1. Can you give me the convex hull volume of the Cα atoms of the stretch 1-70, divided per residue and expressed in Å³?
2. On a 1.4 Å probe surface of the protein chains, which of R13, R66, R37 comes out largest in accessible area, and what is the full order?
3. Tabulate in residue order the Karplus-calculated ³J(HN,Hα) for the stretch 12-21, using 6.51 cos²θ - 1.76 cosθ + 1.60 with θ = phi - 60°, rounded to whole Hz; enter x for Gly and Pro.
4. Using a 1.4 Å probe, what is the accessible area per residue for the stretch 1-78, in Å²?
5. What ranking do 57-64, 16-23, 4-11 get when scored by the average of other Cβ atoms within 10 Å per residue, highest first?
Amino acid sequence: MNEIPLSNGWTLRYSPVIDLWLKEDGVLLVDHEDKVRLTLILDEESMEIKQIDNTNASFSIDPTTRRLTFELGETEEESEPRYWE
């Protein structure tokens with residue numbers, strides 16, 4: 001499981017099978033077929049979940065630890081993150 005701190009103080013945990021694409025205003029989690037599974041739009045005060053594809057996936061929010069977890073049910077090798085500018 002990979003983790004990345006978000007700009008709004010939350011932590012995003014995501015399955016190693018997913019690529020992380022960082023955008024100027026948010027984060028995309030993309031599967032090994034380049035299909036967007038989760039889109040988070042961030043600003044200084046809030047976070048908006050724009051899309052969740054729950055096919056063979058689990059998603060949870062823990063407000064106590066301020067942790068979002070998104071994990072695919074598949075098991076594949078971890079891929080390197082890609083960055084958008």
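The values are calculated or read from the model by the stated rules, or taken from the named source; none is laboratory data. All values reported here derive from a predicted model rather than from experimental measurement. Virtual Cβ from ideal backbone geometry, glycine too; neighbours counted across all protein chains shown. With ligands, DNA and RNA removed, areas are computed over all heavy atoms of the protein, side chains included. Shrake-Rupley method; radii C 1.70, N 1.55, O 1.52, S 1.80 Å.
1. So the per-residue Cα hull volume is 81 Å³.
2. Per-residue accessible area, sorted high to low, gives R66, R13, R37.
3. 9, 9, 9, 4, x, 6, 9, 7, 9, 10
4. 59
5. 16-23, 4-11, 57-64
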